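The values are calculated or read from the model by the stated rules, or taken from the named source; none is laboratory data. Please read these numbers as outputs of a predicted model, since none were measured by experiment. Positions of Cβ are backbone-derived with ideal geometry, glycine not excepted, and every protein chain shown enters the neighbour counts.
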Amino acid sequence: MHISEGILSAPVLITGVSLTATAVGYGLKKMDYKQMPKVAILSSVFFVASLIHVPLGPSSVHLILNGVTGVLLGWSAFPAILVALALQGVLFQFGGITTLGVNTFNMALPAIICFYLFNRGVRSENNFIVLILAFVCGFLAVLLSGVMVAAALVFTGEPFIQAAKLVIIAHLPVMILEGVLTAFCIGFLRKVRPEILNV
């Protein structure tokens, strides 16, 4: 779901940089530095999951895993996702440097929303409820990211309205897959490393 270089208007780019810089600063301030290894691992997971992508107009379709990243990291998801996207932009030219602020905000804000919506729920003692909530978390994170990417394209100009619709429609299968993967990840962590979830 990276937005490529040279597509977004200057006001959208500046807004993205400003919002992301503020959120990353807040995330770093809130970060427990004893949790740095967990942040690094989830940043790596996000980096690898996003590498396999299919180009789609001004964006691309790929796994994101921002839902599980948000639930496990909270506000630390902002710096984790920023690092992963920066490396992808520099090493593989996915997205870009000028769009880094917008791309980070589009991926990390839904992660934070999922943190507040599902953080307590995935710690429930009822495994069925946990799996349902984890699925919804993964699904919703990609849906929100798709809507935010579409909004960035729409605010750039009318020619991108059709591309914005296509971004959301093309990600419907990804939303379902992300839901399943998030449910699997949370279920697996509950069994082998419940302390990560503070269970």
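The table below lists the values:
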| quantity | calculated |
| --- | --- |
| So residue 152, is it of a type in the set (Gly, Ala, Ser) and under 26 Å from residue 19 (Cβ atoms) | yes |
| Residues of region 119-139 that turn out to be buried (at least 17 other Cβ atoms within 10 Å of the Cβ) and touching a Lys or Arg at 6+ places or on another chain (Cβ under 9 Å), as a count | 2 |
| Considering residues of region 88-124 that are of a type in the set (Gly, Ala, Ser) and not in a loop (DSSP other than H, G, I, E, B) only, the residue modelled with the lowest pLDDT | 89 |
| Every pair of residues 6+ apart whose Cβ atoms lie under 7 Å, when the first sits in region 140-157 and is buried (at least 20 other Cβ atoms within 10 Å of the Cβ) while the second is assigned to a helix (DSSP H, G or I) and of a type in the set (Gly, Ala, Ser) | 140/67; 141/67; 141/70; 141/111; 150/164; 153/163; 153/164 |
